[in-house]
Amino acid sequence: MAARSLSGGGSLPLLGGPHRPIAVLAAMPEELAALTPELRNPSRARVGPFEAVRGTAYGRVVLAAVSGVGKVNAAAVTQRLLAEGAGALLFTGVAGALDPELRPFDLVIADDAVQHDVDVGALGYAPGQVPGEPPAWSADPALADLAAAAAGDACDGGHALAGDGAGCAEGERRPRVVRGRIASGDRFVADPEERARIRAAFGAVCAEMEGAAAAQICARWGVPWAIVRSISDGADGDASVDFRAFTERAAGAAAQVVLGVLRRLPSEREDPGSLR
Ligand code: ADE
């Protein structure tokens, strides 16, 4: 297939081969900072309003892009990267803990994702359900398994705790890896009552602001997706302080897991058709 260039600033040959690239998305540049230096032969371009980097990792073509914060941004860039041929999507970044057992730098792999700020209950829909859509969007089980395995390895090797990859500091708590429901909404949750409400209504383990919107788009197009989040705060009264203090390191932890997923995917050279 001929290479195509994107409209906007630079040109980005997304479809240079017969196999589909993997989209890696994050809301903020710092959430991709640990990942993009690992891409081989990187080329930067703007995808319309979005910053993107194309490169390869472990034999797969990767399209990494920053969506901006919130569900609309996440949906917009997801739609665009799928239109450019992305065959799977990995969303990486930080989240606020809803599960009281979770601490900063713990890792959450989505089993499914909901939009906690959607309410069409007056018409009989379940909490978070968009009419015509399921009450929750399910992650691709194989991708989620790969992410859980990668998270376990990252914790064992200490990488998840250290933004610089130097390993766990002596005596530091080993991060937990949890699989469960991720709740997305256009609100930074920083209030114990709000946190408890979302936890009770949805049984979600953490809150963020993009994942379920990307999931909704992927589901409509039948594209497998996974979300990897690392805890930056407790979604409580300290959240704004903790978010600033812990985001860089937590973002690095989640990005290490995504790199582990890419490493575990069959490379195009070995098995071109196995992901889809
Ligand atoms: N991302 C990181 N922390 C968050 C929070 N408390 N609420 C929503 N999104 C977040």
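Rule-based calculations on the coordinates, nothing more; no lab input. Keep in mind it's a predicted model, so treat the numbers as computed, not measured. Counting neighbours? That spans all protein chains shown, and the Cβs are built from the backbone with ideal geometry, glycine included.
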Practice item. With respect to Asp117, determine if the residue is touching a residue at least 24 places away in the same chain (Cβ under 8 Å), among the acidic types (Asp, Glu), surrounded by 19 or more Cβ atoms within 10 Å (Cβ to Cβ) and within 16 Å of the ligand (Cβ to nearest atom). Key: no
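With Pro29, Pro49 as the choices, which residue is without any contact (Cβ under 8 Å) to a residue 40 or more places away in the chain and out of contact with any His (no Cβ under 8 Å at 6 or more places or on another chain)? If you could, list the steps in order and put the result at the bottom.
Working: Pro49 fails: without any contact (Cβ under 8 Å) to a residue 40 or more places away in the chain.
Only one candidate qualifies: Pro29.
Would you kindly identify the strands (runs of 3 or more DSSP E) lying entirely within region 40-141 that contain at least 2 residues that are within 22 Å of Arg199 (Cβ to Cβ)? Outline the logic, then answer.
Numbers: elements: 40-47, 50-57, 60-66, 88-97, 107-115.
Correct list: 88-97, 107-115.
The rows are residues; the columns are (1) touching a residue at least 60 places away in the same chain (Cβ under 8 Å); (2) more than 11 Å from Gln115 (Cα to Cα); (3) surrounded by 22 or more Cβ atoms within 10 Å (Cβ to Cβ); (4) within 11 Å of the ligand (Cβ to nearest atom).
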| site | (1), (2), (3), (4) |
| --- | --- |
| Glu194 | no, yes, no, yes |
| Cys206 | yes, yes, yes, yes |
| Ala212 | yes, no, yes, no |
| Ala215 | yes, no, yes, no |
| Ile231 | yes, yes, yes, yes |
Practice item. For residues that are surrounded by fewer than 21 Cβ atoms within 10 Å (Cβ to Cβ) and over 23 Å from Ala148 (Cβ atoms), scanning just region 217-229, find the one that is farthest from the ligand (Cβ to nearest atom). Key: Trp221
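If I filter region 217-226 down to residues being touching a residue at least 24 places away in the same chain (Cβ under 8 Å) and part of a loop (DSSP other than H, G, I, E, B), which single residue comes out as nearest to Arg179 (Cα to Cα)?
If we take residues in region 217-226 being touching a residue at least 24 places away in the same chain (Cβ under 8 Å) and part of a loop (DSSP other than H, G, I, E, B), then Pro224 is nearest to Arg179 (Cα to Cα).
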